[in-house]
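A.B. asks: The following block contains the structure, expressed as structure tokens.
Derivation of every value follows stated rules applied to the coordinates shown; laboratory data play no part. Bear in mind that the values here come from a model prediction, so they are computed numbers and not experimental data. Cβ: placed from backbone, ideal geometry, glycine included. Neighbour counts: every protein chain shown.
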Amino acid sequence: MRLVPLGLLAVVTAVAAGCGGARHSVVREHARQRSHDPRHVNAKPKPPGPFPQPLGKAHLVPGSDSSVLPGDVLIADRSNDRLLVVDPHGRIVWRFPQPGRASLPLPDDAFFSPDGRRVVVTEEDVDVVSVIDVASHRIVWRYGAVGVPGSSADRLAHPDDAMLLPDGSIVSADIENCRLILLRPPSHRAAHTSGSPAEGCVHAPPRAWASPNGAFPLTGGGTLVTEINGDWVDGLSATGHVLWTTHPPGVSYPSDSNEVRRGLYVTAGWQSPGILETFDRHGRLRWRYHPRRGAPQLDHPSLALPLPNGDFLLNDDFNDRVIVIDPRTNRVVWQYGHTGIAGRAPGYLSRPDGVDLVPPAALLTRIHARIRLPG
């Protein structure tokens with residue numbers, strides 16, 4: 001989700017442990033308000049995740065409401081070189097890699113396969129995409145050579161947001177190659193590309209893409225593409241045709257735009273102060289997060305996913321935390337990680353750069369993805 005400049009590309013690459021009585025009053029009042037919210041009162045019981053045994057005790061920031069999450073959360077803990085799955089109570093239920101297993105340098109984004117058996121990880125800064133088998137804790141396929149960027153077969157240059165589709169193929173934005181790429185494991189040759197370094201990083205979809213950093217599925221088929229060189233978001237049809245293109249309002253570095261519902265989209269502004277906002281296909285602002293007095297600003301957030309109850313799950317990269325924001329109250333209602341304090345111990349993160357929910361609430365399971373690239 002970040003881009004390190006290369007060649008001609010010119011794109012920009014504490015919460016306290018204790019609480020006083022006043023804060024407890026605020027937390028209790030907010031909990032009371034949410035208990036009367038029909039989104040929560042009528043919510044169905046959360047299905048059990050595939051990771052039944054927590055590896056430790058709960059580690060959430062005080063005031064977090066575990067009921068806002070529909071299930072466990074996958075976190076790409078970038079600067080700790082690991083993936084974590086935490087349950088809504090903040091207990092670690094799975095981690096990768098295990099001691100003595102293959103390394104995972106700088107995981108940038110991670111998403112579950114629709115069946116939940118595998119996780120696809122983009123390691124943007126080392127130019128590879130890896131597929132991990134959840135049960136065996138093994139990397140079962142990797143495209144690219146670690147630290148060797150390129151555009152030929154089995155080479156990538158800052159790949160971002162790989163999606164493992166139901167048919168086993170993978171779609172990723174290959175930022176510095178100015179293209180979207182379709183991979184079909186176990187092959188180590190691209191099955192299809194849209195855009196290329198030869199076309200240049202210019203906004204001319206579907207022929208050319210201006211440094212694409214995300215290709216996310218749309219309900220009913222189609223793809224939402226984010227281009228960071230020029231701040232574009234493009235809607236593609238189920239057949240790969242460009243339907244519309246716009247600029248998210250007020251964002252200088254849009255990151256990983258995706259669909260909230262038909263006609264409404266969310267993007268994270270990877271900047272400081274960071275931005276979280278929703279907009280329509282015409283680029284009209286629908287909502288923007290404004291921290292309440294005393295709450296910290298976002299700092300380079302890079303991915304926001306809508307939750308079934310209307311909240312947003314967000315990795316706030318430089319604040320070393322993953323949070324849930326209630327857009328109706330502009331409150332952080334759930335938090336894993338301590339604001340601005342990097343660490344590796346349970347309850348701490350270091351530059352988390354990607355999130356997903358465990359199936360059946362995961363992005364691709366929820367949307368029934370059928371991404372099709374142009375051409």
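A.B. asks: How long are the semi-axes of the ellipsoid equivalent to segment 332-371, from square roots of 5 times the Cα gyration tensor eigenvalues, in whole Å, largest first?
C.D. replies: Values: eigenvalues 156, 24, 16 Å².
Working through the eigenvalues yields semi-axes of 28, 11, 9 Å.
A.B. asks: Also: Per residue of segment 301-307, what does 6.51 cos²θ - 1.76 cosθ + 1.60 with θ = phi - 60° give for ³J(HN,Hα)? Whole Hz please, x for Gly and Pro, Karplus curve as stated.
C.D. replies: Calculated HN-Hα couplings, in order: x, 10, 8, 10, 10, x, 9 Hz.
A.B. asks: Further question on the same structure: Once you have the Cα-Cα distance between T329 and A191, take 0.36 nm times their residue separation minus that, and quote the gain in nm to one decimal.
C.D. replies: Values: separation 138, 0.36 × 138 = 49.68 nm, distance 4.55 nm.
That works out to 45.1 nm of additional length.
A.B. asks: Given +1 on the Cβ of Lys and Arg, -1 on the Cβ of Asp and Glu, and no further charges, what dipole in debye does segment 21-367 carry about its Cα centre, rounded to the nearest 20?
C.D. replies: Values: 36 positive and 37 negative charges, 250 e Å.
That gives a dipole near 1200 debye.
A.B. asks: How large is the helix-only mean residue ellipticity at 222 nm for the chain, computed as the sum of -39500 (n - 2.57) over DSSP H runs with n ≥ 4, divided by its residue count, in deg cm²/dmol to the nearest 500?
C.D. replies: Values: 3 runs with 24 residues, N = 375.
After summing the helix terms and dividing by residue count, I get -1500 deg cm²/dmol.
A.B. asks: Got a sec to turn the phi values of segment 152-158 into Karplus ³J(HN,Hα) couplings, 6.51 cos²θ - 1.76 cosθ + 1.60 with θ = phi - 60°, whole Hz, x for Gly and Pro?
C.D. replies: 7, 4, 6, 9, 9, 9, 6
A.B. asks: Something else: About its Cα centre, what dipole magnitude does segment 99-222 give when the only charges are +1 on Lys and Arg Cβ and -1 on Asp and Glu Cβ, stated in debye to the nearest 20?
C.D. replies: Values: 10 positive and 15 negative charges, 84 e Å.
In debye, rounded to 20, segment 99-222 gives about 400.
A.B. asks: Moving on to the next point. Got a sec? How would T278, T226, T122 order by Cβ neighbour count within 10 Å, fewest to most? Before the final figure, lay out each step's value.
C.D. replies: On the way: T278 23, T226 30, T122 33.
Final ranking by Cβ density, sparse to dense: T278, T226, T122.
A.B. asks: How much net charge surrounds H188 when only the other residues with a Cβ under 15 Å from the Cβ of H188 are counted, with Lys and Arg +1 and Asp and Glu -1? All intermediate terms of the calculation are to be shown ahead of the outcome.
C.D. replies: Details: positive: R142, R155, R184, R189; negative: D127, D154, D174.
Taking every Cβ under 15 Å from that of H188, the sum is +1.
A.B. asks: May I ask you to sort L364, L106, L349, L305 by Cβ crowding, counting other Cβ atoms within 10 Å and putting the fewest first?
C.D. replies: Placing the least packed residue first, the sequence is L106, L364, L305, L349.
A.B. asks: While we're on this one: For segment 63-72, just list the computed ³J(HN,Hα) in residue order, Karplus coefficients 6.51, -1.76 and 1.60, θ = phi - 60°, integers in Hz, with x standing in for Gly and Pro.
C.D. replies: Listing the rounded values in order: x, 5, 10, 5, 6, 6, 9, x, x, 6 Hz.
A.B. asks: Could you work out how much longer the chain between S136 and A295 gets when fully extended? Use 0.36 nm per residue separation minus the Cα distance between them, nm to one decimal. Present the calculation step by step, with values, prior to reporting the outcome.
C.D. replies: Values: separation 159, 0.36 × 159 = 57.24 nm, distance 4.08 nm.
So the chain would gain 53.2 nm between S136 and A295.
A.B. asks: Give the dimensionless ratio obtained when the Cα radius of gyration of the chain is divided by 2.2 N^0.38 Å. Mind dumping the intermediate values first?
C.D. replies: Numbers: Rg = 19.4 Å, N = 375, 2.2 N^0.38 = 20.9 Å.
After normalising by residue count via 2.2 N^0.38 Å, the value is 0.93.
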